[in-house]
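Enquirer: Got a structure for you, written out below as structure tokens; questions coming shortly.
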Amino acid sequence: MEICQFFVVFAVGAIAGFVNVLAGGGSILTLPMLIFLGLPPAVANGTNRLAVAVQSIFAVAGFRSKGISDFKSSLILSCPALLGGLIGAQLALAVPDQVFKKVLAVIIIFILGFILWDPVRKKHGTIHREEDISHLSVGRRTAIMFFLFFAGIYGGFVQAGVGFLIIMALNIIGGLNLVKTNSHKVFIAGINALFSLLVFVIHDKISWVLGLVLAAGNGLGGWTGSHFAVSKGERFIRIVLTLCVIAMVLKLLI
């Protein structure tokens, strides 16, 4: 692999990490890119998780440095996503590469539609927003945990866009404000990525060199994104993300 490709991987990783923390969906750039560079889909899927796990560490540290963290609640919320992630990773490894590529293309199109529609932003501000899950009823907390389990399965299977599902659980179902939601989201997504990563490691489905380069970029983007206001540059990010996704979907389907 040429040196310039490593720079591309790092740069795309930084963008993806930034986007992941602000909203979600950064893996719809990195996962197809790894396949485009020649990695088998299963290896690309595992390698991407290494970067997401590192990115989450930096993002959690960034939120912590701003005084926005609740590790106890985040850990509780991570438990169903952790279990789901282990199941989803096993499912991903059982799917043939060509089938996975087609499934990934469909998932990316769906996630792109979610990004453009953005129901979370439409919903935000219309109801009272809670600061933490302790103020929620038992019924709502149960619904969140149930939803996060299935979000974890999805994250274990493909990772791309799992942040949106976590946001739906915490912001829409739970009614938490977006700042608190994002601080929990990066922790939950990181735990999900870390434990599903172990499954790919056991099955030797990691490209460590590319994964570490991508992780460095994701880490930088995650740290920067945690310090960046959610509203700044969002329209530009959506335009770039849309163009990149269209090109990568065509690559996956052809």
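The values are calculated or read from the model by the stated rules, or taken from the named source; none is laboratory data. Here the structure is a predicted model, which means the values were calculated and not measured. Reconstructed Cβ throughout: ideal geometry from the backbone, glycine too, with neighbour counts over all protein chains shown. Heads up: the accessible areas ignore ligands, DNA and RNA and are worked out on the full protein's heavy atoms, side chains in. Shrake-Rupley method; radii C 1.70, N 1.55, O 1.52, S 1.80 Å.
Enquirer: Would you mind finding the one in Val230, Val245 that is modelled with pLDDT under 65, more than 26 Å from Cys4 (Cβ to Cβ) and touching a helix residue (DSSP H, G or I) at 6+ places or on another chain (Cβ under 6 Å)?
Expert: Numbers: Val245 fails: more than 26 Å from Cys4 (Cβ to Cβ).
Only one candidate qualifies: Val230.
Enquirer: Among the residues of the stretch 178-221 satisfying the criterion of being hydroxyl-bearing (Ser, Thr, Tyr) and in a helix (DSSP H, G or I), which is nearest to Met33 (Cα to Cα)?
Expert: Kept after step one, since they are hydroxyl-bearing (Ser, Thr, Tyr), are these residues of the stretch 178-221: 181, 183, 196, 207.
Narrowing further to those that are in a helix (DSSP H, G or I): 181, 183, 196.
Numbers: Thr181: 28, Ser183: 27, Ser196: 20 Å.
It comes out as Ser196.
Enquirer: Given the conditions (1) open to solvent by less than 10 Å² (accessible area, probe 1.4 Å); (2) farther than 12 Å from Phe157 by Cα, report the number of the one that Gly85 does not fulfil.
Expert: (2)
Enquirer: If the requirement is being of a type in the set (Phe, Trp, Tyr) and either open to solvent by less than 10 Å² (accessible area, probe 1.4 Å) or in contact with a Leu (Cβ under 8 Å, 6 or more places away or on another chain) (or both), which of these qualifies: Phe36, Phe63, Phe71, Phe58?
Expert: Values: Phe36 fails: either open to solvent by less than 10 Å² (accessible area, probe 1.4 Å) or in contact with a Leu (Cβ under 8 Å, 6 or more places away or on another chain) (or both); Phe63 fails: either open to solvent by less than 10 Å² (accessible area, probe 1.4 Å) or in contact with a Leu (Cβ under 8 Å, 6 or more places away or on another chain) (or both); Phe71 fails: either open to solvent by less than 10 Å² (accessible area, probe 1.4 Å) or in contact with a Leu (Cβ under 8 Å, 6 or more places away or on another chain) (or both).
Exactly one of Phe36, Phe63, Phe71, Phe58 is of a type in the set (Phe, Trp, Tyr) and either open to solvent by less than 10 Å² (accessible area, probe 1.4 Å) or in contact with a Leu (Cβ under 8 Å, 6 or more places away or on another chain) (or both), namely Phe58.
Enquirer: Taking Ser196 and the conditions (1) over 19 Å from Ile28 (Cα atoms); (2) at pLDDT 80 or above, which numbered condition does it fall short on, given that it satisfies the others?
Expert: (1)
Enquirer: Under 6 Å between Cβ atoms, at least 6 apart or on separate chains: pull out the pairs that start in the stretch 1-20 with a residue that is open to solvent by less than 40 Å² (accessible area, probe 1.4 Å) and end on any residue that is not in a helix (DSSP H, G or I).
Expert: Here the result reads Ala16/Gly26; Val19/Gly26; Asn20/Gly26, each pair linking the stretch 1-20 to a residue that is not in a helix (DSSP H, G or I).
Enquirer: Here's something else I'd like to know. Could you tell me whether Gln55 is over 14 Å from the mean Cα position of the chain (by Cα) and of a type in the set (S, T, N, Q)?
Expert: Numbers: over 14 Å from the mean Cα position of the chain (by Cα): no; of a type in the set (S, T, N, Q): yes.
Criteria not met by Gln55.
Enquirer: Please verify whether Leu29 is over 30 Å from Leu136 (Cβ atoms), within 19 Å of the chain's Cα centre (by Cα), in a helix (DSSP H, G or I) and at pLDDT below 90, treating the condition exactly as stated. Quick ask: steps written out before the conclusion?
Expert: Values: over 30 Å from Leu136 (Cβ atoms): yes; within 19 Å of the chain's Cα centre (by Cα): yes; in a helix (DSSP H, G or I): yes; at pLDDT below 90: yes.
Against the criterion (over 30 Å from Leu136 (Cβ atoms), within 19 Å of the chain's Cα centre (by Cα), in a helix (DSSP H, G or I) and at pLDDT below 90), Leu29 qualifies.
Enquirer: Then there is this: When you scan the stretch 212-226, do you find a residue that is modelled with pLDDT of 80 or more, open to solvent by 10 Å² or more (accessible area, probe 1.4 Å), in contact with a helix residue (DSSP H, G or I) (Cβ under 6 Å, 6 or more places away or on another chain) and not hydrophobic (A, V, I, L, M, F, W, C), even just one?
Expert: No.
Enquirer: Here's a follow-up. Do you know which residues across the stretch 168-180 are surrounded by fewer than 22 Cβ atoms within 10 Å (Cβ to Cβ) and either hydrophobic (A, V, I, L, M, F, W, C) or within 17 Å of the chain's Cα centre (by Cα) (or both)? Before you say what the answer is, go through the steps one by one.
Expert: Keep residues of the stretch 168-180 that are surrounded by fewer than 22 Cβ atoms within 10 Å (Cβ to Cβ), which gives 168, 172-173, 175, 177-179.
Across the stretch 168-180, the qualifying residues are Met168, Ile172, Ile173, Leu178, Val179.
Enquirer: Sticking with this one: Which condition number does Lys122 fail, the rest of (1) part of a helix (DSSP H, G or I); (2) more than 13 Å from the chain's Cα centre (by Cα); (3) at pLDDT 75 or above being met?
Expert: Looking at each condition in turn, Lys122 falls short on (3).
Enquirer: When you scan the stretch 133-141, do you find a residue that is part of a helix (DSSP H, G or I) and closer than 18 Å to Gly26 by Cβ, even just one?
Expert: So the first thing to find is which residues in the stretch 133-141 are part of a helix (DSSP H, G or I), and the list is 133-135, 138-141.
Filter once more, so that each one left must be closer than 18 Å to Gly26 by Cβ: none.
Checked against the condition, which is being part of a helix (DSSP H, G or I) and closer than 18 Å to Gly26 by Cβ, the stretch 133-141 yields no hits at all.
Enquirer: If you don't mind, another one. If a residue has to be buried (at least 24 other Cβ atoms within 10 Å of the Cβ) and outside any helix (DSSP H, G or I) to count, how many in the stretch 39-51 make the cut?
Expert: The total comes to 0.
Enquirer: Yes or no: the stretch 145-164 includes at least one residue that is in a helix (DSSP H, G or I), buried (at least 24 other Cβ atoms within 10 Å of the Cβ) and at pLDDT below 85.
Expert: The answer is yes, given that some residue of the stretch 145-164 is in a helix (DSSP H, G or I), buried (at least 24 other Cβ atoms within 10 Å of the Cβ) and at pLDDT below 85.
Enquirer: Further question on the same structure: Read through the list (1) closer than 22 Å to Ser183 by Cβ; (2) over 16 Å from the mean Cα position of the chain (by Cα), then give the number of the only condition that Leu37 fails.
Expert: (1)
Enquirer: Would you check which residues across the stretch 76-106 are modelled with pLDDT under 75 and either under 17 Å from the mean Cα position of the chain (by Cα) or hydroxyl-bearing (Ser, Thr, Tyr) (or both) and list them?
Expert: Those that are modelled with pLDDT under 75 and either under 17 Å from the mean Cα position of the chain (by Cα) or hydroxyl-bearing (Ser, Thr, Tyr) (or both): Leu104, Ala105.
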